[in-house]
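J.: Starting off with a structure, shown below.
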Amino acid sequence: MKFSKMPYNRVDKDKVIADIEELKNRILLATSGEEQFEIHQNFYKIYDEMQSDITIASIRHTIDVTDEFYSKEEEYNDEIGPLLDHAVAEYYEVLYHSKYREYLEEKIGRVAFKNIELKLKSINEEVLPLMQKENALSYDYSKLIATAKIEFDGQELNLSLMQPYMVNSDRDTRAKAYLAVNKFFESKAEELDEIYDQMVKNRDEQAKKLGFSGYTELGYLRMQRNSYGRAEIERLREFVKTYWVPLTAEIHESRRKRLGVDKLGYIDNGVYFLNGDPSPTGSPEEILETGAKMYDDLSEVTGNFYRFMQENELFDVFGRKTKRAGGYMTYIPRYKAPFIFANFNATSHDMDVITHECGHAFQGWYVSKDPIIEHNDITMETAEIHSMAMEFFTERYADWFFGERGDDYRRQHLEDSICFIPYGCMVDEFQHIVYDNPSMSPEDRKKLWMDLEKQYRPHINYEDDSFFSKGGFWQKQQHIYTMPFYYIDYVLAQFCALQYFIALKEDYKKAFEDYLNLCGLSAKEFYPDMLSKTLLKLPYSEGVIENLSNKLREFL
Ligand code: ZN
């Protein structure tokens, strides 16, 4: 089904809740595991339908934030979301306490039942109003960012469209672009502080109402951390400070020489070459077509996937002023259809869409015939391996997109992937400290950010910017507001993707087969067990980060 033809019906909240309630009662009356599993099939239908409509509304809202109809639908869905979540959680609670649990675990999976346990601990009726308020605050932040209008170069641009100017080969242009963007953030500073302050206090209150000492613990449960915890993450960050920050310092030093500057400033962030970063040679339409050729060449299964996406209008990737910023991949269960949203802007970022977002979409499509929907419940540190590893598997085709600058693209991509890691850890450590100390003032939070910058990114010089030098950088980072504790998942995944980078240099075919195997394992296994069935090693295990940093040095 083509996306434009997909029907949309507003979720009838009362009916859905009543239907789920009825299934719950039938589960309670059932006299065997087989019967309960049979009833559970009806739950799958209700859930898939509801999820499909919510997803379609959300996509149509983001592809045109000025569309009033879908903007209202999105608001409505945000409002009813916690109520539906609650009904679903109550249903799963009954399943969780089933007499026939053993049979159900065999059918649905141990991971699913562990996740139910986490879910039950992370929500109750008392926190529903707070969760609704939290959603409204997220919406406020996203809207503030999405509707940013920046006067630049005689045009009015949104934040995505400003991005190319911020990595422009001309240093003056970059400086002006940063100035314009930061002026916007400064003009909204109070609002941004206020939204975040309310969010932190709201989340802390939810945690306390649910019996936790603070939000961090609850945040971990909501991220579905079912097989590792704070101790592992803290260990990971220490390994990064010891082995990874020195590696990135070497990369930044060679980048500094390449750019011919005395000192790297924030305006050189993400800039790798004096003649500018490689950008795709083709038009947006050509990039999409080259993607088709690439996935055909990569393997039969990836070729089939890409054709499915194109034939069903499942890409909305061309930049328009009325689209939300950023990019994402989502999934519409009713049509077993992944959907990719992006804003092409004629930078190497466009290639990321064809590789990264397609990696997510490919995995969703690859396992779409699995009838157990709980297996789609993939945690983010795993989902991001699918995407980030695909970036490395497709790197060999960079010349098709970047012409003579294919090698430059590969260098930039590798350096960028490695240098992202300290930033990701910084975002994570920031949130741990913020939620451990919910009464911090907005000024304290900014000071904290500056302190972390010195530990993780000592090469950046912010001194001449009035927004950054006060520690405002994190306010651009959507995840800190709307997806707490998500960011470290990118770090965990990047370590795995980089392991594939090393593996594919040794044996491409073997590495790709291993990747397909990983895609298929999805949420059937706990993260450490899943990795043990692939060639990947757990990033927070002793020696893994150190070893990887040494191997990467050889390639740099
Ligand atoms: Zn991703």
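The values are calculated or read from the model by the stated rules, or taken from the named source; none is laboratory data. What you see is a predicted model, and the numbers here were worked out from it, not measured in a lab. Heads up, the Cβs are rebuilt from the backbone with ideal geometry, glycines too, and the neighbour counts pull from every protein chain shown.
Residue-by-condition table, conditions (1) free of Cβ contacts under 8 Å to residues at least 60 places away in the same chain; (2) under 23 Å from Asn376 (Cβ atoms); (3) in contact with a Pro (Cβ under 7 Å, 6 or more places away or on another chain):
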site	(1), (2), (3)
Arg26	yes, no, no
Glu35	yes, no, no
Met50	yes, yes, no
Glu79	yes, no, no
Val94	no, yes, no
His97	yes, no, no
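J.: Restrict the check to the stretch 31-41 and report whether at least one residue is under 27 Å from the mean Cα position of the chain (by Cα), aliphatic (A, V, I, L, M) and in a helix (DSSP H, G or I).
T.: Checked the stretch 31-41: no residue is under 27 Å from the mean Cα position of the chain (by Cα), aliphatic (A, V, I, L, M) and in a helix (DSSP H, G or I).
J.: Taking only the stretch 339-355 into account, find how many residues are within 11 Å of the ligand (Cβ to nearest atom), at pLDDT below 95 and surrounded by 21 or more Cβ atoms within 10 Å (Cβ to Cβ).
T.: 1
Residues are listed down the side, and each one gets a yes or a no for (1) within 16 Å of the ligand (Cβ to nearest atom); (2) in a helix (DSSP H, G or I); (3) closer than 22 Å to Arg396 by Cα:
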residue: Leu288; (1), (2), (3): no, yes, yes
residue: Met294; (1), (2), (3): no, yes, yes
residue: Thr302; (1), (2), (3): no, yes, yes
residue: Phe305; (1), (2), (3): no, yes, yes
residue: Phe308; (1), (2), (3): no, yes, no
residue: Glu313; (1), (2), (3): no, no, no
residue: Val317; (1), (2), (3): yes, no, no
residue: Arg320; (1), (2), (3): no, no, no
residue: Lys323; (1), (2), (3): no, no, no
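J.: Among the residues in the stretch 363-377, are any aromatic (Phe, Trp, Tyr), in contact (Cβ under 8 Å) with a residue 12 or more places away in the chain and crowded, with 21+ Cβ neighbours inside 10 Å?
T.: Within the stretch 363-377, one or more residues are aromatic (Phe, Trp, Tyr), in contact (Cβ under 8 Å) with a residue 12 or more places away in the chain and crowded, with 21+ Cβ neighbours inside 10 Å.
J.: May I pose another question? Given the condition polar (S, T, N, Q), surrounded by 20 or more Cβ atoms within 10 Å (Cβ to Cβ) and within 16 Å of the ligand (Cβ to nearest atom), answer yes or no: does some residue in the stretch 384-395 qualify?
T.: For the stretch 384-395, residues polar (S, T, N, Q), surrounded by 20 or more Cβ atoms within 10 Å (Cβ to Cβ) and within 16 Å of the ligand (Cβ to nearest atom): present.
J.: Hey, among Ile17, Ile27, which residue is under 19 Å from Met131 (Cα atoms) and at pLDDT 95 or above?
T.: It is Ile17.
J.: Mind checking which residues of the stretch 299-317 are more than 24 Å from Met388 (Cβ to Cβ) and either in contact with a Gly (Cβ under 8 Å, 6 or more places away or on another chain) or of a type outside the set (D, E, K, R) (or both)?
T.: Within the stretch 299-317, just Asn312 meets the criteria.
J.: Pick out the one residue from Leu137, Leu130, Leu157, Leu118 that is surrounded by 15 or more Cβ atoms within 10 Å (Cβ to Cβ), under 30 Å from Arg26 (Cβ atoms) and of a type in the set (A, V, I, L, M, F, W, C).
T.: After applying the criteria, what remains is Leu118.
J.: Picking from Glu381, Glu391, Glu374, which residue would you name as being acidic (Asp, Glu), over 21 Å from Met223 (Cα atoms) and touching a helix residue (DSSP H, G or I) at 6+ places or on another chain (Cβ under 6 Å)?
T.: Glu391
J.: Between Asp416, Asp407, Asp444, Asp399, which is in a helix (DSSP H, G or I), within 15 Å of the ligand (Cβ to nearest atom) and farther than 22 Å from Arg222 by Cβ?
T.: After applying the criteria, what remains is Asp416.
J.: Considering each of Ala112, Ala89 in turn, give the residue that is touching a residue at least 60 places away in the same chain (Cβ under 8 Å) and out of contact with any strand residue (DSSP E or B) (no Cβ under 8 Å at 6 or more places or on another chain).
T.: So the residue among Ala112, Ala89 that is touching a residue at least 60 places away in the same chain (Cβ under 8 Å) and out of contact with any strand residue (DSSP E or B) (no Cβ under 8 Å at 6 or more places or on another chain) is Ala112.
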